[in-house]
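The values are calculated or read from the model by the stated rules, or taken from the named source; none is laboratory data. Since the structure is predicted, the reported quantities are computational estimates derived from the model, not experimental observations. So basically every Cβ, Gly included, is an ideal-geometry build from the backbone, and we count neighbours across all protein chains shown. These accessible areas exclude ligands, DNA and RNA; they are computed on the full protein's heavy atoms, side chains included. Shrake-Rupley method; radii C 1.70, N 1.55, O 1.52, S 1.80 Å.
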Amino acid sequence: MPDFLAEMRAIRQDYLRYQEAGDPEGCVGFWADDGVLMPPDEPAVRGHADLLDWYRTAFEAFEFNFQIEYEQAIFAGDWVFARGSYSGTVTPRATGEPIEDRGKLLEILRRQPDGSWKWHAHMWSSDLP
């Protein structure tokens, strides 16, 4: 049986390189065509076109530097359910003052026809007030 937790960590590390570079197209490449991002305090973002707009807007306003720790990954056929935590900073470009955050996340990944794993759904919430 493959180590899905290690595989999820590797996928996330690859993704974080694009996020830290502020590359919206690179980030969207990790999503299934019908993927849904569920950020806190915002409506859900569905599909590649809307995800690309969301990332472009986010990267214009902020720089991101995060670490992710997966605590559990459950394999179910062509699906993986992953749970973990995050910590890091969001830095508004307008002020340059980093804002620290930490919290939890939940992801669902689906195996694609080419055998790769892509996010079908992702949500997170802060542990801070």
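Here are some conditions: (1) outside any loop (DSSP other than H, G, I, E, B); (2) in contact (Cβ under 8 Å) with a residue 24 or more places away in the chain; (3) open to solvent by 80 Å² or more (accessible area, probe 1.4 Å). I11 meets all but one. Which one does it not meet?
Looking at each condition in turn, I11 falls short on (3).
Is there a residue being touching a strand residue (DSSP E or B) at 6+ places or on another chain (Cβ under 9 Å), at pLDDT 95 or above and among the hydrophobic types (A, V, I, L, M, F, W, C) anywhere in the stretch 82-103?
There is at least one residue in the stretch 82-103 that is touching a strand residue (DSSP E or B) at 6+ places or on another chain (Cβ under 9 Å), at pLDDT 95 or above and among the hydrophobic types (A, V, I, L, M, F, W, C).
Tell me which residues, restricted to the stretch 82-99, are touching a Leu at 6+ places or on another chain (Cβ under 8 Å) and open to solvent by 40 Å² or more (accessible area, probe 1.4 Å).
Kept after step one, since they are touching a Leu at 6+ places or on another chain (Cβ under 8 Å), are these residues of the stretch 82-99: 82-86.
Within the stretch 82-99, just R83 meets the criteria.
In the stretch 26-71, what residues are in a loop (DSSP other than H, G, I, E, B) and either more than 21 Å from L109 (Cβ to Cβ) or open to solvent by 80 Å² or more (accessible area, probe 1.4 Å) (or both)? Break it down into steps so the answer makes sense when it comes.
Looking only at the stretch 26-71, we keep the residues that are in a loop (DSSP other than H, G, I, E, B), and these are 29-30, 39-44.
Passing the criteria: D41, E42, P43.
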